[in-house]
Amino acid sequence: MKTLERLNESKLTVVIPTFNEVENIPLILRKIEDTLKNVNFEIIFVDDNSSDGSIEKIRELETEKRNISLLHRIGRRGLSGACIEGMLAAKSELVAIIDCDLQHDDTKLIDMLEKFDNQKDLDLVIGSRYNDTGKSKDGFNTIRKLGSEFAIFLTKKLLRIHTTDPMSGFFMVKKKSLLLIINKLQPNGFKILADIIACSNRNLKKWEITEVGYEFKKRTSGQSKMSLIVILEFLGLILSHLSRGLLSIRFILFLMVGLSGVLVQLLSTFLSLKLSLEPYIFAHSVGVFMAMTSNYYFNNLLTYKDRPLSGFSFFRGLFSFYLICSAGALANISTAKLFYDYTEIWVLSSLMGAILGAVWNFIFSSIFTWKVR
Ligand code: GDD
Ligand code: MN
């Protein structure tokens, strides 16, 4: 009965990603209920197993109110992935995403709905901090604001996006349109809107997109999850789109870590030689070993941050990573030799060896170390 009612009734699904937001949950709920008092809507909280009582709070609300549900994800982390799953679970024709921390202005949901009512072929409405009515003055400190503006500039240029705030986490989309591009979206990342717009640019029919200005407010409780990792993931998103989706964000992160490994290897070999480790091949092997170890550590932290290995599994994973990379080195060397025998161009041969080695390590460590599907 409950589901039937929902199917018939709700016009809008509001998806709220949450990670340790216990204090904000009742507040945002009250606000949205007030804003949408004349609209049939449902709310889906998507929580990545918060430890601060958010889950229990949402469960409580879920039993009290028929239009609230919890999508509880375990062993996974990530804002984009949470938004994608929430949007997929939405039962209404329109889906909005809004942060739980009250930084977005929920009253604008009404303006967004109006836009859809007035323009039947509209696909997406973006809540913008940077159009003529939007503001971001208190929400971020100066460094974060400059960073945000630079990232927006870069995204617009590189991905040919023409909206004023592609980094917004506040928007409303037509579910039917979203389903056309859902397979192209990447769950690894923080900037789901930039991904949606970039994917829609590759769609056959160009999307109708409009904006609603809002004032980005200060977060009053809980903490922001923005970090260096989030910035690297975002670079991954841009590069992934520049490769027209050929390279996934995950593979790009894996390559970034690999590049850092080259530095670690050079530095460790240098230090080993300084400490007079003889013969050279011994110092070189120390370098390779250190690079593999640091690559494992950083891949666990960054590339596979949605499924990090810890405790005993950390060491089991490390061991399997050593094995896979050793085999990868052999594959690398034999490919390079094969190319060199044919072409005698060392740069090309070396590059082919490196590419094959990287792909090998990525595929096998995905399967055996971090067990992705
Ligand atoms: N389920 C889940 N999993 N939720 C998450 C995760 C996660 O890994 N990380 C963050 N969230 C939730 C937070 O609980 C919050 O409700 C919302 O996503 C935004 O996270 P913040 O940590 O507050 O992000 P921010 O304030 O730095 O940036 C936000 O606002 C910007 C401006 O609109 C994000 O929405 C950005 O995408 C957005 O650009
Ligand atoms: Mn926030």
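The values are calculated or read from the model by the stated rules, or taken from the named source; none is laboratory data. Treat the numbers as computed from the prediction; the structure is a model and nothing was measured. Backbone-built Cβ (ideal geometry, glycine too); neighbour counts: all protein chains shown. Please note that ligands, DNA and RNA were not included when accessible areas were found on the heavy atoms of the full protein model with its side chains. Shrake-Rupley method; radii C 1.70, N 1.55, O 1.52, S 1.80 Å.
Which cross-chain or sequence-distant (5 or more) residues have an amide H under 5 Å from the amide H of T13, H modelled 1.01 Å from N in plane?
It is E42, S92, L94, V95, A96, by chain and number.
What number do you get for region 1-144 when its Cα radius of gyration is normalised by 2.2 N^0.38 Å, N = residues?
Rg over 2.2 N^0.38 Å, computed on Cα atoms: 1.06.
Please list, by residue number, every one of the trypsin sites (Lys or Arg not before Pro) in region 64-148 that is coil in DSSP and has at most 14 other beta-carbon atoms within 10 Å.
Within region 64-148, the qualifying trypsin sites (Lys or Arg not before Pro) (loop, at most 14 other Cβ atoms within 10 Å) are K65, R66, R76, K120, K137.
With point charges of +1 on the Cβ of Lys and Arg and -1 on the Cβ of Asp and Glu, referenced to the Cα centre of region 303-373, which listed residue (M352, P308, I367) lies farthest in the positive direction of the dipole?
The listed residue farthest towards the positive side: P308.
At 30 Å minimum axial length over the Cα atoms and a Kyte-Doolittle cut of 1.6, report the qualifying DSSP H helices in the chain, or say none.
249-274
How many nm separate the modelled label positions at I333 and T133, each set 7 Å beyond the Cα in the direction of the Cβ?
Going from the I333 label point to the T133 one covers 6.7 nm.
What is region 190-269's relative contact order, in percent, from Cα pairs under 8 angstrom and six or more apart in sequence?
It rounds to 23 percent for region 190-269.
Taking a probe of 1.4 Å, how large is the accessible area per residue of the chain, in Å²?
52
Computing the accessible area with a 1.4 Å probe over protein heavy atoms, can you report the carbon and sulfur percentage for the chain?
Result for the chain: 64 percent of the exposed heavy-atom area is carbon or sulfur.
What size of dipole, in debye to the nearest 20, comes out for the chain about its Cα centre when the only charges are +1 on Lys and Arg C-beta atoms and -1 on Asp and Glu C-beta atoms?
Charge dipole of the chain: 520 debye, to the nearest 20.
What distance in nm separates the simple spin-label points at L242 and E215, each placed 7 Å from Cα in the Cβ direction?
Going by the 7 Å Cα→Cβ label model, 3.8 nm.
Largest first, what is the accessible-area ranking of H104, H284 with a 1.4 Å probe?
H284, H104
Helix-only mean residue ellipticity at 222 nm, the chain, DSSP H runs n ≥ 4 weighted -39,500 (n - 2.57), per residue, nearest 500. What is it?
Estimated from H runs of four or more residues: -17500 deg cm²/dmol.
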